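Read through the structure below, which is laid out as structure tokens, and then see the notes.
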Amino acid sequence: MLRIEEKRTDNKGTTLKLDGKIEALYVNELMVICDKLMKNGRLTLDLEGVSYIDEESIDMFAKLANKKLKIINCSPFISLLLIGMNARQDSNS
């Protein structure tokens with residue numbers, strides 16, 4: 001299960017606080033929400049409450065990485081997965 005809580009940080013951006021597991025089941029919904037919010041300004045994803053992300057979620061983060069997105073408060077494990085995602089992107093360039 002994934003819980004998404006929207007917090008307006010200022011007039012230029014929004015923070016989404018995510019709690020739970022980011023799995024394929026939620027990727028499309030989360031992508032739509034992120035795209036919509038990024039059209040209105042910066043978006044910060046607070047991953048402090050996220051315990052797991054699957055491969056489709058990592059691919060979603062890769063797509064969002066080229067946009068106005070900041071990721072904060074990841075666990076060390078998720079940070080390693082995202083660093084691996086960046087390394088894969090760099091090697092494919």
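No value in this document is a laboratory result; all are computed from the given coordinates. From a predicted model like this one, the values you see are computed outputs, not experimental measurements. Positions of Cβ are backbone-derived with ideal geometry, glycine not excepted, and every protein chain shown enters the neighbour counts.
Max-minus-min Cα coordinates of the chain on each principal axis give 37, 30, 23 Å, with the largest extent listed first. With the charge dipole of the chain set up from +1 on Lys and Arg Cβ and -1 on Asp and Glu Cβ about the Cα centre, the Cα lying farthest toward the positive end among the listed residues 40, 64, 15 is that of 40. A simple charge model with +1 on the Cβ of Lys and Arg, -1 on the Cβ of Asp and Glu and nothing else charged puts the dipole of segment 2-92 at about 520 debye relative to its Cα centre. Under 5 Å from the amide H of residue 44 lie the amide H atoms of 14, 15, 16, 70, each residue being 5 or more positions distant or on a separate chain, with H modelled from the backbone and absent for Pro and chain starts.
Counted residue by residue at 0.36 nm each, then reduced by the alpha carbon distance between them, the extension gain from residue 19 to residue 56 reaches 11.6 nm.
List nothing, just return the count: lysine pairs in the chain, 8 or more apart or interchain, with Cα separation under 21 Å. So the count works out to 28. With helices as the sole contributors, the chain gives -15500 deg cm²/dmol at 222 nm; each DSSP H run of n ≥ 4 counts as -39500 (n - 2.57), and the sum is divided by every residue. Segment residue 7..residue 31, full-extension length gain: 6.9 nm, with 0.36 nm per residue of separation and the alpha-carbon distance subtracted.
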